[in-house]
Structures are given as C-alpha cells and as structure tokens.
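Participant: Structure below; questions to follow.
The values are calculated or read from the model by the stated rules, or taken from the named source; none is laboratory data. Everything numeric in this text was worked out from a predicted model, so none of it was measured. Using ideal geometry, Cβ is built from the backbone for each residue, glycine included, and neighbour counts are taken over all protein chains shown. SASA here: full protein model, heavy atoms, side chains in, ligands and nucleic acids out. Shrake-Rupley method; radii C 1.70, N 1.55, O 1.52, S 1.80 Å.
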Amino acid sequence: MSWRPLFVVTGLAALFMVSACDSVEVDTAPLLVVEAYVVEGQPMPHISVRRTHGLSTPRDELMEGVDNATVTMTLNEQPVPYSSHGSGMYKPDLLNPPVVQSGDRFEVSVIQGGHEAWGAGTVPPALHITSVQAFPAEFAIPAVLVDTLLIGIDSLDLGLDVARGYVYPVEVDVAWERRPDTWWLEARLVPDDAFSSSILDFFLLPNAVFPENRPVTSVWRGVYVVPVPFEDSPFPHHEVLVALVRGDSLFASWANSRANTRTRTLTGNVSGALGYVGGIAVDSIRLELGAVHRNRQ
Amino acid sequence: MSRIPIIFLLCLLGARMGHAQSLRVEVRDLPLTEALSSFTVQSGVDVVFSRTHVQAFRTTCSYEGSSTRDALLCLITGLPFRLQEISSTQFVLIPLQTDPARIRSHILGGFVSDLSSGETLNGAHILVPELGAGSITNEAGYFALPGVPTGRRRIVASFVGYERLDTLIAVDGQTVHLALRPTTLNVNGVVIEAIPSLRADLDSTPGLVALPPNSLRSLPGTLGADDVLETLRWLPGIERAGEATGGLMIRGSGPDQNLYLIDGVPIYHPWHAFSLVSTFQTGTFKDILVYRGAFPAEYGGRLSSVLDAELRDGGRSAPRVVAGINMLHARFLIESPVTTKSSFMLSGRRSYVDKIIGQEHPVRDDAGRRDTLRTGYYFYDWSAKYTYRPDDKSSLSISHYSGRDVLDLRLPFDVSLDFDSFLQPADLFFEIDQDWGNRMTGIRFQRLMSDKWFMTTTLYDSRYRATENAFVRPTRTASVQSRYSVSVADLGAKLDVDWYASITHQLRAGLQLVQRRFTSDIDATIYYSSDFSDPLSESVVSDAGEVTLYVQDLWRPGTRWRILPGLRVGMFGGGRYVRAAPRLNVQFTVVPDRLVIRGGASTQVQYVQRIQDRLAFLYDLVSSRWVPASDDLPPSRSFQVTAGVEHRPFRGLSLTADTYIRASRNVLLPDEQFRTRDGLLGPGIDVSTLLAQYEKGEERSAGLELGLDYHSGRWRVLASYTGSATLNRLLDNPNADWHPARFHTPRNASVVVQTAAGSWTFGASTIWRSGYPITVPVGRFVIEDPVTGTPAYALYQPEFNNGRLPPYFRTDVQVGWQFSAFNADWKAGIDLFNVSMRRNVIGQTFNPDDVVIRARDRRGLPIIPLFDLEVLLR
C-alpha cells in the first residue's frame, strides 16, 4: 500500500489551511470632503473643505475643517481665488463677489497635500414657490412609535421596541412655477423638531426627489407629523420650513442618498474627494403653525 | 459439497398490515433442484419444473421480502429459465431457448434493486472482474454490458450503503435482477441501520456523489431532521447561506445556481419555513445524486450544481409505514405493492405549531369591541408516486409533489410574549398573508427497447407561486395595503435514450423541451392620510421556450479509465440565444479499490436568474422571482475545471481531495452595493425596472476541498475542510475591483463523530467557518444641508465587503435510541443545537449618528433542544 497520496493530501491541506486568508486590510487614509452649492441669484458660494475621520473620532469633532488647502473656483472661465476663514470654510477673495446667474458654468478645484479634488456644474434656472397650503389634522390620532425594526429568523429576535403615542399629521401642498425641461426637484418639509420612528417614517413624506417634468400637476404634497403627549393635547405651535431645490440628475442622486445615510452611500460628484459640487436653485417659505392656526390656510 | 440450507422465515405482522408473509432465502452454490424442492416444501408454493433441464444448474441467491415470485426469480437469477405464474401458489419453470454453441456472447443487462424494498437503484456499479468491464445503472436501475461471453460469469454489484453482491450468473442474454442488501445490524432483535459510508464506489460516474438516503439519514440535521439539503452541508464545499436558514451554496455559488430535481422535474424554491427546512425529505427518496460543478451533459440550466433525487417507487414486496414527529413537523410515509405489477408511495408532512398556539384568536375589550387576531403559520408537503410495471422491460410512473407555506398574521404592533398585553382588539396593527410553494407532476415511461437501448420519456408540469399580501396601519389615518404575487410555471417534455453500444461505450442522448411562463402582479396603495394616497399597480407576464439537445458517452478505453465527454446545446427564447456547453470528465484508477484520480472541465449556461426588489419592504421577502434571459439580460455562463483524488488506504477509511477553478460571466450583482431596503414599495415590478437595481458581473472562485470518511465497526467520523475564494466584480467596468462574494467563507470545516452502543447511538458535530464578509466603514464625515445648513453624518465605505464577521463555531450533540415495541421499530432522538451556547455574531450594523461608531452585533441562535421520534411498521 502506498502512503504517498495520503502524505500529499495532508501536505496540501496543511499548506492551504495556513495560507488561506480571511483577514482584510482596511485603508483608513483620510479623504477630502468638498461641498459647494452654487445657488442661483446668490453671490459666489463659500466652499467647505473637510476630511473623513476615523470611526473612533467623536461626532462633535467631525466639523473640524481643512484650512491649508488651495481652493479656486472658476466661474464662466474666470478663476476666482478662495481663502480660508477657519473650520474648513473658504470664501472668495473678492470684495464684491459676482451674483451667480442661471446658466453660469463653474468649476471648483481643491488642492491639499498633493491631492486634487475637482467638481463642476451649471447653475439651473431660478425657482419660485407660488403657494403653500398646510392641512393639520383636526385631532391627535394614536400612532405606533417604533424605535427599531429588526426582524431575523436566524436569531429568533423580534427587535420591535414599540411604544404608542399621539401625533398630529400635517399635509402640506407646495406649488411652484414648473419648467418643462429635465431638471430635478428636491421638495422638503423641515419642522422645528423633526420626528422620526422606524415604522411611521414609511407613512410620512417629509421629502421627495423627482424629475420636474414627471408630475402631472405643479403641486407636491408632503406629510409630516407632530408628536403630542396625550390624545387631547392641542396642536402644538411650531414652525416648518418648506423648501424646493432644483438641480441636475447628479444633484438628485446626491439628495436621495443624503436623505438616507443609514441605508445608502453618498453618491457625490467630486473627483478625488467625497462630497458634492453643483449648481442649485432654491426657494423656501417658513410657516408658523399651531395655536391660532388650526384650520386650513 | 457444502450445503447451506434455505433459510425460510414466515411471520405475520398483524391484521393492520394484512397477512403479508416475510420470506428470507439464503442459498449459496446449491443444486437448483434441491433449492426448488426445499422452497416448495417450506413455502407451500408449488413449483413445476423439468429435472432434466434443471439438474445441471446450481444457484446462489439472497432474498428477503414477501413475494414468492421474487424469491423464485432470485433462485433462477442468471440461469436459463423463466418463470410463469399459474396462480399465487403455483409457478412453472420454463427453460429458455438458447443454443450456447451458436451464441458466443451476449449482452449482460439487468436491473439492480434494494433487496428489502424492491426499489431500483440508480448509480449502482456492476463489474465483471475477469473482463475488467463495468456499468452503472441508470435512473431505472438498468445496466447493460454488451459483448460478454456466454457462460457463467462472476459479477460484482455494489452501491454505497449496501452490502457488496459477489455472485456467479449465467450470461445467456436474459435480463438479470440483482438485489442488494442494505447494511444493517441486528441488535437484540431490532434491525438497525448501520452507519454507512457516504462515499460512493470508487468506479462511479466521474464527478458524481451518490448519496443513498440511508447514508444521509444517519447524519445530523441542524433544525430540520430528515432533511436532504440540511445534511449535505457535511460534505466538502457545501454550506448553507446563513446559520440555519438560507439557500444551499455549493463551491461558493449563489443559491439560485443549483438545479434541484425530483424525478427529473425541476423545483424552483425547495425550502420551507423561511428556508429553515427543505422540501427534500430524506425518507421519501430512494436515490439522491449530487454533482458539484462539472456535471454531465444530461444536466444543465444552472451554473453550479445538480441535486437529482428520485422518489421511492413504493414497496414492491411488502407494505411499509413510517411515521415521525419532531419539533417542527409531523410526517408519515406509506408504501405498498398494489398488485404484483404496481406499487405506490404516499408521503406527507406538516408543521403543527399553529395547532398548538392556534390560528385565530377572537378577542374583546372592556368596551365590547371585538376583533380576531391571527397567528397562523404552517407548511406542508405531499409526495406521491405510483409505479406500474406491465412487464420486466417497462415502467410507468406518475410522480407528484406539492408543498406550501402559509403565513397569516394579524397582530398589534406591541406584540410580545406577555399575551394579556396585546390580546385585545387592535386599531393599530399589521396583517401579513404570505403563501408560497411548489407543485409538480411528472409522468415517466421507461422502456427497455432492446438489450442495447433504453428509453426514458418524461412529461412534467412544475409550478412555483408565491403571494405576499400586507396591510399595515400604524396610525388611524395612514396605512398601506399590498397584494403581490409571482410565479413561474414549466411545462416540459424530455426524451432520454441510453445506448449500450459496446463494452467500452455507453452513450446517452436526449431532447428536452420546456415552455416557461413568468408572471408577477402588484396592486398596492400607500395611504398617507384618508385622502392622500400613492398607488402602484403593475402586471407582468412573459414566456420563454427552451430546446436542448445533449449527447454524452461513458467511454472506458481501458480497465482503469473512465472518460465522460458530452455536449449540450440549448436554444432559448425562440432562438434569441443559442449556447453550446461542452463537458468532459475523466477518471483514472491508479490502484484498484484504493486510489483514483479525477478531473473535469465543463461549461454551464443558465437562462433564468433570480432577482428581487432590493428596495421594497412589503414584498419579495419570501418569494423567489425568476426572470428569463432577454435582450437586457444575457444568459449567465461559467467555465469550471476540477481535479481530485480519492484514496482508501485501508478498509473503512476514505480520503478525498478536490480542487476547482470557476469563472462566471453575466451573473447579477447589486448595482449600488451598500443600499438596503428603505421603502414600503419599490420603483415597480417590471423586469427592466428591477434589473436597474442590478449590474452584470463576473465571478471567480477557486477552492480546495478535503474530506475524510472513516467507518469502522461502531464508529464513524466524517470530516471536511474547504478552503476557497469567491470574488465578484462588475462586468462593464474594467477598473472595478474584485471583492468577496456575499457569502464567501475562505475556510470552512466540519466534523461529525458518531458511535453506536447496542441500540443507542451517540454523535457530536461541529462546524467552524470564517465569518461572512461585511462592509465595514473605515471613516465618518459630515456634510451640511444646502437649505438649512444643519450637519448630517455619513459613513465612509470605500470598499464593498472589506471586512468579515467573527468566525462561526457551533457544536451539536445527538443521542438516538432504537427499540422495538407494539410490533414496530422505533427511533427516538434528541439533538442539542449549539450545545456550547456560543452566541455567534451573524450580522453587524453601523449607525452614522452614533457618538462614536461601534458595530452593533446581531447574535445567532442560542442552545435549542430538539427531539425526533419515528416509528416503522412493516
């Protein structure tokens, strides 16, 4: 009987067991994060330059900026130097920076530590909200407030951390001057104290991103809720910011991912860095609701 | 002259079983006249024969069963006689008209069956040692060896899980019937299935792993006892995609890359209970064949593997009833001969937890409000087969399988184990109504056209359908209702022809026609308030036909070589795609019965792929949505090369080592790797819409699989180690990085140790594997809202699957006891799942809003005691 094959098999096994690699090397080198929103009708914007931080960095220290970068913005092929104003904030070195107009083309360049980040875009047409109507519910209604939603058969773990409470749903209709071309819109409802719960969030519509030429009408309807402690609690006095933002399809991707950072990765448009550099048009209205405001406006 | 008298036993099993006689015949090299006389005297059956013709022959026979006819056939097996039945108690032995002087050689052909049940055996090996020639039985248990010289020849028949049959037969052109005895032990009057080896005969079809159910049944299952797919994980290169749930992954494949066949009919979603247990009950099958990777040309349609299981034909000799119950379900199996030419098998299984906790719960609160909460969940299986054999050369069988899972919930959100707190009328609640399952019916006709030609015709209808309905009401004004269904239906026909061309060539060719219909519907509405809703209503139907031709040749150029080349050509979608898939398997016996080396190379094509809406929370939770190849979705294709060695240094020990390399193209990968479900309804169910959530990708995998199977006396050790790598990348981006596949585990090891002491069996099993890949953020950063200027936190995740969960480790312990009581054989078992109580990490999440980022672990199952009880009535 020959034992040679057995030795070969055993040797191969030992070799493979030793050599098989199931560890992963993680690249933790920081990366620049560049943000610049070139807003129609506004002076040349400030440009934010930050960087990524390690996972152990406390949240409060993430605002720390990068102040030693060389930042340049080119507006309609005219370069404008930027200088640092601390905390990673760069502003144009001009006494009277020009106001950005619809159709302006721009580029942003950030050089730091031998790395260059670059982004470009076009300023969209001006955006005008024509009307806003809010429809708070007549009464507070019971609602399920779920903090976590984790269901897994493997672990026999129904991670429902459920509580019941009361909320006032508020519907808000926003109308604007609609354009027929291929811009995208981000519609936002931002109440003072944003409310969020895992289940209820699915039935709220505090924001949406959609192509401007898709809706049949020029009215977007959103829904948010205001929590109250009791069923007979009055509709709380609060303010809500109603905003529309117009941008291109890259802005739409960025806005979609920015709204869901827990479930998506931010899809920026800056080469050599994270972040977004693009032109937008913004219009917003701040509503004051509650107390004397119980009926349709 | 040594004489071993006929052992003839007769017993009555009681009125319930009828008055079936149990016959046992054991003779070795006894004059046929003497054997027939003894048989006549002891059985009371009259056998008429001519002493002039009979006296020149001797017989060797081993039979156990209830059929006097089969017992007599056993006595004349290989001898130039046929049997004519006059009545149930009178037979005539008629000499065959053969002239040895004129006929120099014959085709040695016949059937191999299980001695105890009469079931034909697929994959059994037949060897004529003096010629060095052999054959393997097909799915009808038939084999043929043309050109065997006339005369008495020594023939060896073997099959894993059965005692080897080494006997002399007369080669005279007559069909022979060989019956193999299952390996059993007899302890204190209780017949106990021995712990059999898993390894097939060394000379089996290259690439094939034959797994007789008896072998699998002795292996521990995790949470699904008597489960084929659950026990396959003890083989190298096979694992589950999860701790206790998830599909089967073979050599790093995706679960949708495996072909599951029941009696040759494809099953699309072979799982119950959220993939906790499979639809393949071990006890209902007579043969289970598994091909990992390089499978022969007769199989196709999937990239990775084939599991081909044959339902039991039903007892041909005696009725048999088996019933069992475990933590999850109760089951039964009945099989019996109907007439001397027909038999049936009927098997059923159903979970019973709903019977314990109830399906509907009428509740009423203090205000008099009434409601009915629902907590229904169950699954069931029906397997049935009727087999009719009009003669020795034909067989007609009708197979049916149907299985469903039904989940019906109506519960308040504050559901908990404190029943009093939530068992009351609910105004805020959720309803989930899910129903999914397979149903297949197949008709198969097998006919031995001549000694050289065997034909198998199969017509089948196989359907998979799932519905997922939901109604969720988290406030009095907001709700969502959704009705979703998805199905795939196959109507197919297959013709397979075996041609035993010569002693060195065994050809098989076939034609397969399948018409598939894919449907899906959704009708859903989200009500943000009573007068503000967002509907989604779509319906999709598509048809696709597939025509496949194949041919393969089992070629034995020498006594040590077995070469299996083949070619499979498929035309899909009315000619939209025509793909050829060549196959080659080679096996060389270095040392007979000790050492073989194997190799193979094959191309596989898969025309249907499974996708799901990755964004919707309300549907595609339990469904398998299959989509056909189209202009947007070309067929996926893989090429695999394998090589292996199997060594048996001494009796009872089998060592295997296999390597493989596989490359696949046009597999579907998620387009945005990090994205998870984040909405109630997705963008729609149109195929092109769903395919927008995927990208075409390529996959590479390689691995080394080591196996050890030691079996000696009361001990058995089964160990495996798999080292592998499976990487994916997007196809249209040449700069894309390769990253680990979703369930890639570089190292995977398992050990099963079993021993028997009297009627007790003890076992322990251990699984150790690398943790699954996960995407670990490497940093965090902040961005600002362009409107409000408020900061938002985001994770920096530059690479997909750049991390890995901690290694998974689990040990289970099993104790079994076999005993006899109430005229029945009983098996009782206790299984302690995760006896080491290690709470394995099976998932991790990261929240960008945490003060400091730390992984949040999701833990696996704790220790769980399980039981199983089975009774066998014969």
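Participant: Taking B:D658 as the residue in question, decide whether it is over 24 Å from B:Q797 (Cα atoms), more than 10 Å from chain A (Cβ to nearest Cβ) and surrounded by fewer than 16 Cβ atoms within 10 Å (Cβ to Cβ). First the steps, then the outcome.
Facilitator: Values: over 24 Å from B:Q797 (Cα atoms): yes; more than 10 Å from chain A (Cβ to nearest Cβ): yes; surrounded by fewer than 16 Cβ atoms within 10 Å (Cβ to Cβ): no.
No; evaluated as a whole, the condition is false for this residue.
Participant: For segment B:1-42, how many residues meet the condition of being in a helix (DSSP H, G or I), under 16 Å from B:Y63 (Cβ atoms) and either open to solvent by 80 Å² or more (accessible area, probe 1.4 Å) or modelled with pLDDT under 80 (or both)? It would help to see each step written out before you state the result.
Facilitator: Pass one, segment B:1-42, residues in a helix (DSSP H, G or I): B:15-17, B:32-42.
Subsequent filtering for residues that are under 16 Å from B:Y63 (Cβ atoms) retains B:32, B:35-36, B:38-40, B:42.
Still in the running and either open to solvent by 80 Å² or more (accessible area, probe 1.4 Å) or modelled with pLDDT under 80 (or both): B:42.
Residues in segment B:1-42 being in a helix (DSSP H, G or I), under 16 Å from B:Y63 (Cβ atoms) and either open to solvent by 80 Å² or more (accessible area, probe 1.4 Å) or modelled with pLDDT under 80 (or both): 1 in total.
Participant: Just for segment B:257-298: of the residues that are at pLDDT below 85 and in a loop (DSSP other than H, G, I, E, B), which one is most open to solvent (accessible area, probe 1.4 Å)?
Facilitator: B:F274
Participant: From the list B:E698, B:E705, which one is of a type in the set (D, E), assigned to a strand (DSSP E or B) and open to solvent by 20 Å² or more (accessible area, probe 1.4 Å)?
Facilitator: Only one candidate qualifies: B:E698.
Participant: Of all residues in segment B:789-815, count the ones that are among the β-branched types (V, I, T), open to solvent by 40 Å² or more (accessible area, probe 1.4 Å) and modelled with pLDDT of 90 or more.
Facilitator: Qualifying residue count for the region: 2.
Participant: Which of the numbered conditions does B:Y260 fail, given that it passes all the others? Conditions: (1) touching a Pro at 6+ places or on another chain (Cβ under 9 Å); (2) touching a residue at least 60 places away in the same chain (Cβ under 8 Å); (3) within 22 Å of B:S636 (Cα to Cα).
Facilitator: B:Y260 satisfies every listed condition except (2).
Participant: Could you say which residue among B:D632, B:D709, B:D678 is under 30 Å from B:N438 (Cα atoms) and within 14 Å of chain A (Cβ to nearest Cβ)?
Facilitator: Unique residue meeting the criteria: B:D678.
Participant: Residues of segment B:824-843 being open to solvent by 30 Å² or more (accessible area, probe 1.4 Å), within 12 Å of chain A (Cβ to nearest Cβ) and assigned to a strand (DSSP E or B), which ones?
Facilitator: Across segment B:824-843, the qualifying residue is only B:I842.
Participant: Among the candidates B:G314, B:G348, which residue alone is within 28 Å of B:R389 (Cβ to Cβ), part of a loop (DSSP other than H, G, I, E, B) and either among the small types (G, A, S) or within 14 Å of chain A (Cβ to nearest Cβ) (or both)?
Facilitator: On the way: B:G348 fails: part of a loop (DSSP other than H, G, I, E, B).
Unique residue meeting the criteria: B:G314.
Participant: Separate question: Only one of A:I111, A:I129, A:I47 is farther than 22 Å from A:F251 by Cβ and either surrounded by 13 or more Cβ atoms within 10 Å (Cβ to Cβ) or within 14 Å of chain B (Cβ to nearest Cβ) (or both); which?
Facilitator: Values: A:I129 fails: farther than 22 Å from A:F251 by Cβ; A:I47 fails: farther than 22 Å from A:F251 by Cβ.
Step by step, each of A:I111, A:I129, A:I47 is checked, and only A:I111 is farther than 22 Å from A:F251 by Cβ and either surrounded by 13 or more Cβ atoms within 10 Å (Cβ to Cβ) or within 14 Å of chain B (Cβ to nearest Cβ) (or both).
Participant: For segment A:74-88: of the residues being in contact with a strand residue (DSSP E or B) (Cβ under 8 Å, 6 or more places away or on another chain) and either among the aliphatic types (A, V, I, L, M) or in a strand (DSSP E or B) (or both), which is most open to solvent (accessible area, probe 1.4 Å)?
Facilitator: This residue is A:P79.
Participant: Still on this structure, please answer the following. For segment A:163-183, which positions are part of a strand (DSSP E or B) and open to solvent by 70 Å² or more (accessible area, probe 1.4 Å)?
Facilitator: A:R164
Participant: Which numbered condition in (1) open to solvent by 50 Å² or more (accessible area, probe 1.4 Å); (2) touching a residue at least 12 places away in the same chain (Cβ under 8 Å) is the only one that A:W254 fails?
Facilitator: (1)
Participant: Name every residue in segment B:542-569 that is surrounded by fewer than 22 Cβ atoms within 10 Å (Cβ to Cβ) and under 30 Å from B:T519 (Cβ atoms), in order of residue number.
Facilitator: If the condition is that a residue be surrounded by fewer than 22 Cβ atoms within 10 Å (Cβ to Cβ) and under 30 Å from B:T519 (Cβ atoms), then B:S542, B:D543, B:A544, B:G545, B:V547, B:L549, B:V569 are the ones that fit.
Participant: Of everything in segment B:652-689 that's without any contact (Cβ under 8 Å) to a residue 40 or more places away in the chain and not in a helix (DSSP H, G or I), which residue is nearest to B:R594 (Cα to Cα)?
Facilitator: Residue satisfying both the conditions and the ranking: B:A663.
Participant: Right, next: So the check is Cβ under 7 Å with 6+ separation or different chains; which pairs have a first residue in segment B:46-67 that's under 15 Å from B:S317 (Cβ atoms) and a second one that's basic (K, R) and not in a strand (DSSP E or B)?
Facilitator: Qualifying pairs under 7 Å: B:S62/B:R181.
Participant: Among the candidates A:R264, A:R214, which residue alone is surrounded by 15 or more Cβ atoms within 10 Å (Cβ to Cβ), among the basic types (K, R), free of Cβ contacts under 8 Å to residues at least 24 places away in the same chain and within 30 Å of A:G119 (Cα to Cα)?
Facilitator: Selected residue: A:R264, the only one of A:R264, A:R214 that is surrounded by 15 or more Cβ atoms within 10 Å (Cβ to Cβ), among the basic types (K, R), free of Cβ contacts under 8 Å to residues at least 24 places away in the same chain and within 30 Å of A:G119 (Cα to Cα).
Participant: A further question on this structure: How about segment B:697-720: which of its residues are closer than 17 Å to B:R662 by Cβ and among the charged types (D, E, K, R)? Don't jump to the end; show me each part of the working.
Facilitator: So in segment B:697-720, the residues closer than 17 Å to B:R662 by Cβ come out as B:697-705.
Of everything in segment B:697-720, those that are closer than 17 Å to B:R662 by Cβ and among the charged types (D, E, K, R) turn out to be B:E698, B:E699, B:R700, B:E705.
Participant: With the checklist (1) under 30 Å from A:V223 (Cα atoms); (2) in contact (Cβ under 8 Å) with a residue 12 or more places away in the chain; (3) surrounded by 15 or more Cβ atoms within 10 Å (Cβ to Cβ) in hand, flag the one item B:S539 doesn't pass.
Facilitator: Only one criterion is unmet by B:S539, namely (3).
Participant: Can you pull out every residue in segment B:261-279 that is under 23 Å from B:D354 (Cβ atoms) and not small (G, A, S)?
Facilitator: B:H269, B:P270, B:W271, B:H272, B:F274, B:L276, B:V277, B:T279 - these are the residues of segment B:261-279 that are under 23 Å from B:D354 (Cβ atoms) and not small (G, A, S).
Participant: Could you go through segment A:238-250 and let me know if any residue there is open to solvent by less than 50 Å² (accessible area, probe 1.4 Å), outside any strand (DSSP E or B) and not hydroxyl-bearing (S, T, Y).
Facilitator: Of the residues in segment A:238-250, the ones open to solvent by less than 50 Å² (accessible area, probe 1.4 Å) are A:238, A:240-248.
The next check asks that each one be outside any strand (DSSP E or B); those that pass are A:248.
Restricting the remaining residues to those that are not hydroxyl-bearing (S, T, Y) gives A:248.
For segment A:238-250, residues open to solvent by less than 50 Å² (accessible area, probe 1.4 Å), outside any strand (DSSP E or B) and not hydroxyl-bearing (S, T, Y): present.
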